1. Please tell me if residue 193 is modelled with pLDDT under 90 and either among the acidic types (Asp, Glu) or not in a loop (DSSP other than H, G, I, E, B) (or both).
2. Restricting the first residue to the stretch 238-266 and requiring it to be free of Cβ contacts under 8 Å to residues at least 60 places away in the same chain, which pairs with a second residue that is assigned to a helix (DSSP H, G or I) and surrounded by fewer than 17 Cβ atoms within 10 Å (Cβ to Cβ) meet a Cβ separation below 8 Å and a spacing of at least six or different chains?
3. State all residues of the stretch 133-189 that are closer than 15 Å to residue 445 by Cα and either open to solvent by 40 Å² or more (accessible area, probe 1.4 Å) or at pLDDT below 90 (or both); if no residue qualifies, say none.
4. What number of residues within the stretch 385-436 are touching a residue at least 24 places away in the same chain (Cβ under 8 Å), among the hydroxyl-bearing types (Ser, Thr, Tyr) and either open to solvent by less than 40 Å² (accessible area, probe 1.4 Å) or under 18 Å from residue 196 (Cα atoms) (or both)?
5. Are there any pairs, at least 6 apart or on different chains, whose C-beta atoms fall under 6 Å, with the first in the stretch 328-353 and under 16 Å from residue 307 (Cβ atoms) and the second surrounded by 12 or more Cβ atoms within 10 Å (Cβ to Cβ) and basic (Lys, Arg), and if so, which?
6. Residues that are at pLDDT 50 or above: which helices (runs of 4 or more DSSP H) entirely in the stretch 1-83 hold 2 or more of them?
7. Kindly list, by first and then second residue, each pair from a residue in the stretch 137-153 that is within 12 Å of residue 302 (Cβ to Cβ) to a residue that is part of a helix (DSSP H, G or I) and among the basic types (Lys, Arg), limited to pairs with Cβ atoms under 7 Å and residues at least 6 apart or on different chains.
8. Scan the stretch 77-89 residue by residue and report those that are open to solvent by 50 Å² or more (accessible area, probe 1.4 Å) and touching a residue at least 24 places away in the same chain (Cβ under 8 Å).
Amino acid sequence: MRKVYLFLLLGILSGCAPTNIKVTNGENLFPANEKFSLQNDLNITEIPSLQSLIQMQGLETLVTRGLENNYDWKVQLAQIQVVRAKIGLSISGSRPSLSTQIGWREGKEKTRESGFTEEPLPNWQGAASFNWEIDMWGKWKAIKDSSIMHLYEAEYYKEAAKISFIHEIAQSWVLLASQTEHVEILNKLIESQRKSTQFYKLRVDVGEEDNSTLAKQSLAYQRLLIKQARLQRLLEMTKLRLQYLVGDSLDTTLPATQNISKIRLPQLPKVFPTTALKERPDLKAKEARLRENLFLEKSKTYDLYPSFAFQASGISMSSNLSEPFQQWKASIGPVLTIPIWSPQKKSQLKVTIAQSELYREEWKASVSLAIEEIESATKSFLMSKNELSLATAAHQEAGKISSVTKAKFKAGIASMLDLWADEKELYETQSQLITARLKVFQFALDLSKSLGLQMRPNS
């Protein structure tokens with residue numbers, strides 16, 4: 001008879017055997033490299049570092065300080081530790097559990113064995129129980145795999161945050177380099193305008209010019225002072241932001257700033273966009289989240305199947321602690337639980353399936369956005385270099401005109417006013433050149449970030 005029951009049990013279990021539930025390997029969402037504006041040599045296989053694209057004095061020092069001291073970055077690191085701790089919590093149900101208890105109570109009972117005579121219950125009661133669910137289908141393995149994917153997701157998001165953090169420092173640093181040089185040029189322009197205004201004042205004093213001409217020169221001077229005040233404010237805000245990023249908003253010690261005109265211009269990174277996209281940590285995080293939920297979906301499906309556990313329990317009752325086993329009972333053996341109807345578990349499974357579809361679409365949307373970011377940054381970078389070429393040509397022309405006017409002034413065939421006017425034009429074109437150069441660096445950093453380039457030590 002026992003063999004019949006055994007075969008019956010095996011038949012029930014085999015009838016509940018799951019169909020193949022596989023975690024998807026993802027879809028081919030990435031376009032061919034030749035469709036991008038960023039083209040490279042076919043022999044390129046590695047993703048370059050940020051330093052290979054932009055070499056800025058003091059940047060690595062700032063990044064190192066930021067990663068050591070910035071509190072936002074420390075929050076990212078702390079979140080990883082929380083995720084690691086939660087992995088143990090999520091799979092704790094798969095481990096054997098043991099509990100004991102002891103208590104005191106007052107009461108009476110009537111039983112058939114005592115002839116329904118009322119008798120007092122023992123005052124002291126102790127109990128112990130042991131439970132261990134056997135992972136027949138792989139439910140707990142799927143939960144563990146889901147937890148591991150959650151850890152991968154957190155690690156990828158940490159790397160994505162690190163890339164954003166480093167590029168924010170780089171953007172602030174190149175902006176500071178530009179603003180510092182702008183201030184130097186603006187100071188020269190203000191001095192030139194001051195001399196011009198003073199000269200016109202002298203001419204008004206001797207009756208060679210009217211007050212309207214002097215008023216125009218004074219207005220131009222005041223406008224330059226307003227521009228200087230605005231630029232100084234922006235410069236201080238950039239310094240404050242950098243100080244915060246490296247760990248202390250009130251610490252004014254920053255590396256010496258290099259003028260942006262002295263920094264070597266960035267070049268297009270040598271990497272295939274599709275290769276970079278597949279390694280972008282934020283996209284890998286989205287994929288990991290999808291995989292995490294698919295494993296969770298798998299575990300919830302298995303949760304609808306029969307479960308098999310090994311249980312043991314014991315109860316001891318006594319009126320005297322020195323004789324703890326006046327009454328006791330113990331049991332041990334396997335337990336098969338067959339869920340016949342569980343609306344809550346089925347609803348949870350439907351929610352998880354719906355979430356998997358949501359995460360899949362979010363992953364696709366993120367890849368699509370990343371493609372747009374790379375293409376936009378590449379085209380912006382290439383077009384900004386064309387703008388820089390035009391600004392360079394204009395500055396060179398202004399330099400030639402200024403040199404000719406200086407020669408004429410020395411020869412006595414050009415006035416001081418002509419010299420100052422051409423000098424101011426030269427400063428204006430130099431300021432436009434710096435702005436155009438800044439745009440090249442900013443778009444290069446946008447491209448670097450969209451490709452997920454990391455800053456590597458000793459690159």
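1. yes
2. Pairs that qualify, where the first residue is free of Cβ contacts under 8 Å to residues at least 60 places away in the same chain and the partner is assigned to a helix (DSSP H, G or I) and surrounded by fewer than 17 Cβ atoms within 10 Å (Cβ to Cβ), are 249/240.
3. Within the stretch 133-189, 162, 164, 168, 171, 175 meet the criteria.
4. Looking only at that region, the number is 4.
5. What qualifies is 348/300; 349/300.
6. Working: elements: 2-15, 50-53, 59-69.
In the stretch 1-83, the matching helices (runs of 4 or more DSSP H) lie at 50-53, 59-69.
7. 142/298
8. Those that are open to solvent by 50 Å² or more (accessible area, probe 1.4 Å) and touching a residue at least 24 places away in the same chain (Cβ under 8 Å): 77, 79, 84, 86.
The values are calculated or read from the model by the stated rules, or taken from the named source; none is laboratory data. Please read these numbers as outputs of a predicted model, since none were measured by experiment. Cβ: placed from backbone, ideal geometry, glycine included. Neighbour counts: every protein chain shown. Areas reflect the complete protein model, heavy atoms only, side chains present, ligands, DNA and RNA absent. Shrake-Rupley method; radii C 1.70, N 1.55, O 1.52, S 1.80 Å.
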